[in-house]
Amino acid sequence: MPKPVKVAFNEMPDGPDYTWAGPQHTCLCGNDTLAVAARFDDNKISFYFLDGRCLTCGSYLTVPSEDDNPSLA
């Protein structure tokens, strides 16, 4: 049975620091669901921190921004 997201935040383990790996959209454990802090304006994300955590293993990550994708520049 799936757990509510508040359980994921409350029970998140203290994982390794993978910020050295640069911007990642997937954790090195293989999970692609990451926790980030974001601000919303008119129902759209207007700002987010590049510090993230993996919801599976608790690793610390740097998440990508639009500037990290050269095809969008």
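Across the chain, C-alpha contacts under 8 Å between residues 6 or more apart give a mean separation that, scaled by the residue count, equals a relative contact order of 35 percent.
For every helix of n ≥ 4 consecutive DSSP H residues, a contribution of -39,500 (n - 2.57) applies; sum these over the chain, divide by its total residues, and give [θ] at 222 nm rounded to the nearest 500 deg cm²/dmol.
One gets -2000 deg cm²/dmol as the mean residue ellipticity at 222 nm.
Considering all different alpha carbon pairs of the chain, the Kirkwood hydrodynamic radius works out to 13.3 Å. Protection proxy ranking for 24-32, 4-12, 57-65, 36-44, using the average of other Cβ atoms within 10 Å per residue and placing the highest first: 57-65, 24-32, 4-12, 36-44.
FYI, it's all coordinate maths here, none of it is from the lab. This one's a predicted model, so the numbers in the text were calculated from it and none came from an experiment. All Cβ positions, glycine included, derive from the backbone under ideal geometry; neighbour counts span all protein chains shown.
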